[in-house]
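Beneath this line is the structure, given in structure tokens, with notes to follow.
The values are calculated or read from the model by the stated rules, or taken from the named source; none is laboratory data. Not measured: the values here are computed from a predicted model. When we count neighbours, we look across all protein chains shown, and the Cβ atoms used for this are built from the backbone with ideal geometry, even at glycine. Protein only, heavy atoms only, side chains kept; ligands, DNA and RNA dropped before computing areas. Shrake-Rupley method; radii C 1.70, N 1.55, O 1.52, S 1.80 Å.
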Amino acid sequence: ITDKAFAGRAWDMWAGYNTRGEAEIVCLGIKDRGNLEDEDNFDDGDYNGWAVDSDPNITWTVVGGRLRAEVVSGDGGVSLIRRTGTIVTGRNVTVEYDVYFGNGATNGGLVFGGVVLEVNPVRAGWRDDDPSFYSCGDYVSAGEWHHIVVSVHQGSPYWTSDLLVDTNTVFMAEPIEVSSFSDGEVGFESPRSAGFVEWDNFRAADQQYVEV
């Protein structure tokens, strides 16, 4: 077993199994880095390389080397920002970032393939075709920085996902219940009603698996 792990995951071995009415098949493999590796720590003072779906309720800036979305009027309008030129769908991929909720912000999350994963002080879960949410207050606190790791894996009939906040597992193998992703991009959703959210140390990387 190597001590090199990729995309924020702390392991480099995997097990696959098939129990759908057939003889069980177990295989072991080695996880290696794939072809995707994209990072932005915003230390350049701007968000070049990101595209904003604007809304008058939200302003986007980079403050102190951190991407910030701040509520202007509190009318509930929401804005998205997406990484340009980075395709995350159709592969086993992990996205990680640091996040801070300030001045009463309670909304916001990750956008993956056009589907929003809420990760905020109120709840965590995919806003997909059959949304269900987990209470997140024990994991994400306002006024503190948190490290988020989201891993998306191929599954059937849906792609599945794992969510870790700091060292805490919020869910594992959670299906993303959409028939297909509307696009291949990754980004963030702003808060809606109050306050601001800041992000830092964004990273997206995929993994490849080789049976042994």
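Of everything in the range 11-46 that is in a loop (DSSP other than H, G, I, E, B), of a type in the set (Asp, Glu) and at pLDDT 95 or above, the residue that is least open to solvent (accessible area, probe 1.4 Å) is Asp46.
Listed here are the residues, each with its yes/no results for (1) crowded, with 16+ Cβ neighbours inside 10 Å; (2) at pLDDT 95 or above; (3) in contact with a strand residue (DSSP E or B) (Cβ under 9 Å, 6 or more places away or on another chain); (4) more than 30 Å from Thr61 (Cβ to Cβ).
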position	(1), (2), (3), (4)
Ser161	yes, yes, yes, no
Asp166	no, yes, yes, no
Met172	no, yes, yes, yes
Glu185	yes, yes, yes, no
Glu198	yes, yes, yes, no
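Only residues that are open to solvent by 10 Å² or more (accessible area, probe 1.4 Å), over 14 Å from Ile148 (Cα atoms) and not in a strand (DSSP E or B) were counted in the range 106-126, giving 4. The set of residues in the range 47-90 that are open to solvent by less than 50 Å² (accessible area, probe 1.4 Å), in a loop (DSSP other than H, G, I, E, B) and either over 14 Å from Pro191 (Cβ atoms) or basic (Lys, Arg) (or both) comprises Gly49, Gly65, Thr86, Val88, Thr89. For Arg192, which of the numbered conditions (1) out of contact with any Gly (no Cβ under 9 Å at 6 or more places or on another chain); (2) touching a residue at least 60 places away in the same chain (Cβ under 8 Å); (3) open to solvent by 60 Å² or more (accessible area, probe 1.4 Å) fails to hold? Among (1) out of contact with any Gly (no Cβ under 9 Å at 6 or more places or on another chain); (2) touching a residue at least 60 places away in the same chain (Cβ under 8 Å); (3) open to solvent by 60 Å² or more (accessible area, probe 1.4 Å), Arg192 violates only (1).
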